Amino acid sequence: MEQLKSAATLTIESAAKKGDEIEIVVKVENKAGHKFPTGFPSRRAWIHLKVVDKDGNVVFESGKPNDGRISGCDSDEGKGYEQHYDVITRSDEVQVYESVMVDTEGQVICKLLKGARYIKDNRLLMALKRQ
């Protein structure tokens, strides 16, 4: 568990209200020493972002854990897999970092030996140390 806690960091780079919208820029940095998460098909990491108002009321939430699933995540709802997002604008959009494989017939699979190719691999590369 200690290794998982230090495998990646998430930093809020900026947060600003623009009219009726809030723009939050986050930075995710891999500190694992290899791609994060690993390439085993069931391993994934996601961003759970919750915005509350001054009274503690939730005004926006993406990636909420819900009984072992991720709310809004297409793969958890039996709809294939969650696409990669550069910008999240709705609560049913979730940034999930993972590798997704398909078999020779294009069906999403979780068995390594049946995998023919990746249709999604947005795992985080390891950070390069500058000297």
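The values are calculated or read from the model by the stated rules, or taken from the named source; none is laboratory data. This one's a predicted model, so the numbers in the text were calculated from it and none came from an experiment. Ideal geometry is used to build each Cβ from the backbone, glycine not excepted, and the neighbour counts take in all protein chains shown.
Annotations
- Scanning the range 71-89 for residues that are touching a strand residue (DSSP E or B) at 6+ places or on another chain (Cβ under 8 Å), within 16 Å of residue 48 (Cβ to Cβ) and assigned to a loop (DSSP other than H, G, I, E, B) gives 71, 72, 73, 82, 88.
- If the condition is being in contact with a helix residue (DSSP H, G or I) (Cβ under 9 Å, 6 or more places away or on another chain), of a type outside the set (A, V, I, L, M, F, W, C) and either exposed (fewer than 13 other Cβ atoms within 10 Å of the Cβ) or touching a residue at least 60 places away in the same chain (Cβ under 8 Å) (or both), then the range 93-106 contributes 98, 104.
- Within the range 78-131, restricting attention to residues that are among the acidic types (Asp, Glu) and under 19 Å from the mean Cα position of the chain (by Cα), the residue that is nearest to residue 28 (Cα to Cα) is 86.
- Pairs with Cβ under 7 Å, 6+ apart, first in the range 1-18 and closer than 17 Å to residue 45 by Cα, second of a type in the set (Asp, Glu) and not in a helix (DSSP H, G or I): 8/29; 9/29
- Considering residues of the range 55-68 that are at negative phi, of a type outside the set (A, V, I, L, M, F, W, C) and at pLDDT 95 or above only, the residue farthest from the chain's Cα centre (by Cα): 55
- The set of residues in the range 1-31 that are of a type in the set (Lys, Arg) and touching a strand residue (DSSP E or B) at 6+ places or on another chain (Cβ under 7 Å) comprises 27, 31.
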